[in-house]
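Undergrad: Pasting in a structure now, in structure tokens, and then I'll have a few things to ask.
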Amino acid sequence: MRVLVTRPPHPGERTAKRLAEMGHEPIMLPLSAPAHDPDAAFAALANSDGPISVTSAETIRVLTERPDDLAPHLSRPLFAVGDATADEARIAGFRDVTASTGDGADLAERIAQLDTALSDKTSLLYLAGFPRAETFETRAAALGLTVTTVECYRMRRLDIPDQLLRELFSAHEPDAILFYSRRTAEDFFALKEISANLDALIGVRLLCLSQAIADAVPPTLQGQSAIPDSPDETALLSLL
């Protein structure tokens with residue numbers, strides 16, 4: 001199958017490699033790219049000493065830009081959403097990593113189960129991106145966790161030429177499109193060449209990591225969307 005990958009360049013390349021190993025033909029169309037702010041991340045680390053929480057592997061990539069500054073913090077507990085982010089953290093050198101199996105809300109619940117996180121003296125440092133779903137912060141607040149949120153990267157939209165999209169859907173029309181975030185889905189369907197030609201997507205499978213993402217699919221195409229049983233890439237790719 002020809003599979004359109006809408007992820008940012010770094011994780012998108014990883015996904016493309018997995019698709020190729022599965023026998024599919026990946027087509028790269030990144031809609032955004034991160035702008036890192038390591039100064040904000042390391043200032044926050046310097047002013048705290050408790051557990052760290054992350055909901056995206058992009059945060060780990062921010063931290064690894066300055067390995068010497070990161071070294072003193074590698075013994076701090078780190079809580080991550082998903083095995084992929086947890087693996088990136090371990091590769092970066094973090095020695096005490098705990099992963100949740102679901103989304104940000106699941107991570108907050110996992111942290112709340114641990115006695116350390118329930119201590120009145122414990123404050124979680126959440127190194128986050130913008131924009132983001134605030135499921136972690138919302139659930140953490142509901143559970144009584146103390147969280148300090150610091151944004152250390154921002155996703156910036158990339159300009160996608162109309163001609164590129166016309167060529168893509170005329171000569172190399174994908175059989176499926178992967179969506180990993182709601183904003184990516186919204187940005188994709190807001191592209192002028194896409195919104196004006198939704199009929200070109202009839203028959204294309206729209207594979208979304210979660211129901212919130214699938215809700216961003218236009219009503220006329222909702223019947224072509226599908227979500228996996230769990231919000232992780234392995235489950236998403238199993239839908240192909």
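The values are calculated or read from the model by the stated rules, or taken from the named source; none is laboratory data. It should be emphasised that the depicted structure is a prediction, and the values quoted were computed from it without experimental measurement. Because the Cβ atoms are built from the backbone with ideal geometry, glycine has one as well, and the counts that use them run over all protein chains shown. Just the protein is used for accessible areas: all its heavy atoms, side chains included, with ligands, DNA and RNA removed. Shrake-Rupley method; radii C 1.70, N 1.55, O 1.52, S 1.80 Å.
Undergrad: Using DSSP to call loops (not H, G, I, E or B), can you name the GluC sites (Glu not before Pro) in region 128-185 whose Cβ has at most 16 other Cβ atoms within 10 angstrom?
TA: Numbers: sites: GLU134, GLU137, GLU151, GLU167; in loops: GLU134.
Here the GluC sites (Glu not before Pro) that fit, given the DSSP loop and packing criteria, are GLU134.
Undergrad: Just to confirm a number: summing +1 for Lys and Arg and -1 for Asp and Glu over residues other than PRO30 whose beta-carbon lies under 14 angstrom from that of PRO30, what do you get?
TA: Working: positive: ARG7, ARG14, ARG156, ARG157, ARG183; negative: GLU13, GLU58, ASP159, ASP187.
With Lys, Arg at +1 and Asp, Glu at -1, the net is +1.
Undergrad: Given only helices, namely DSSP H runs of n ≥ 4 each adding -39500 (n - 2.57), what is the per-residue ellipticity at 222 nm of the chain, to the nearest 500 deg cm²/dmol?
TA: Numbers: 13 runs with 97 residues, N = 240.
After summing the helix terms and dividing by residue count, I get -10500 deg cm²/dmol.
Undergrad: I've got another one for you. Under 15 Å from the Cβ of HIS172, count the other residues' Cβ atoms, weight Lys and Arg +1, Asp and Glu -1, and hand me the total.
TA: -3
Undergrad: For the pair ARG66/GLN163, report the inter-label distance in nm, with labels modelled 7 Å from Cα in the Cβ direction.
TA: It is 4.2 nm.
Undergrad: Hey, another quick one. Give me the net charge of SER195's neighbourhood, meaning all other residues with Cβ under 14 Å from the Cβ of SER195; Lys, Arg count +1, Asp, Glu -1.
TA: On the way: positive: ARG166, LYS192; negative: ASP162, GLU186, ASP187, GLU193, ASP199.
Residues close to SER195 contribute a combined charge of -3.
Undergrad: Calculate the spin-label point distance for GLN222 paired with ALA196, positioning each point 7 Å from the Cα along the beta-carbon direction, and give it in nanometres.
TA: Spacing of the two 7 Å Cα→Cβ label points: 2.7 nm.
Undergrad: Next question, about the same structure. Each residue of region 183-195 in turn: what ³J(HN,Hα) in whole Hz from Karplus with 6.51, -1.76, 1.60 and θ = phi - 60°, glycine and Pro shown as x?
TA: Here the 3J(HN,Hα) series is 4, 4, 4, 5, 5, 4, 6, 8, 4, 4, 5, 7, 4 Hz.
Undergrad: Can you give me the orientation-averaged projected area of the convex hull built on the Cα atoms of the chain, in nm²? Don't skip to the answer; put the middle values down first.
TA: Details: hull surface 52.3 nm².
Quarter of the Cα hull surface area: 13.1 nm².
Undergrad: Quick check for you: with a 1.4 Å probe and neighbouring chains kept, what is the accessible area per residue of the chain, in Å²?
TA: On the way: 11610 Å² over 240 residues.
Roughly 48 Å² per residue, with all protein chains present.
Undergrad: Give the distance, in whole Å, between the Cα centre of region 208-232 and the Cα centre of region 71-114.
TA: 27
Undergrad: Which percent of the accessible heavy-atom area of region 1-132 goes to carbon and sulfur, probe 1.4 angstrom? Provide the component values of the computation, followed by the final result.
TA: Details: 2920 of 6020 Å².
Roughly 49 percent, rounded to a whole number.
Undergrad: For the chain, give me the percentage of DSSP beta bridges that are antiparallel, rounded to the nearest 5 percent. Show your work: numbers first, answer last.
TA: Details: 5 of 35 bridges.
If I count the DSSP bridges inside the chain, around 15 percent turn out antiparallel.
Undergrad: Among the trypsin sites (Lys or Arg not before Pro) in region 69-174, which ones are in a DSSP loop with at most 15 other Cβ atoms within 10 Å of the Cβ? Mind listing them?
TA: Values: sites: ARG90, ARG95, ARG110, LYS121, ARG132, ARG139, ARG154, ARG156, ARG157, ARG166; in loops: ARG95, LYS121, ARG132.
Answer by residue number: ARG95, LYS121.
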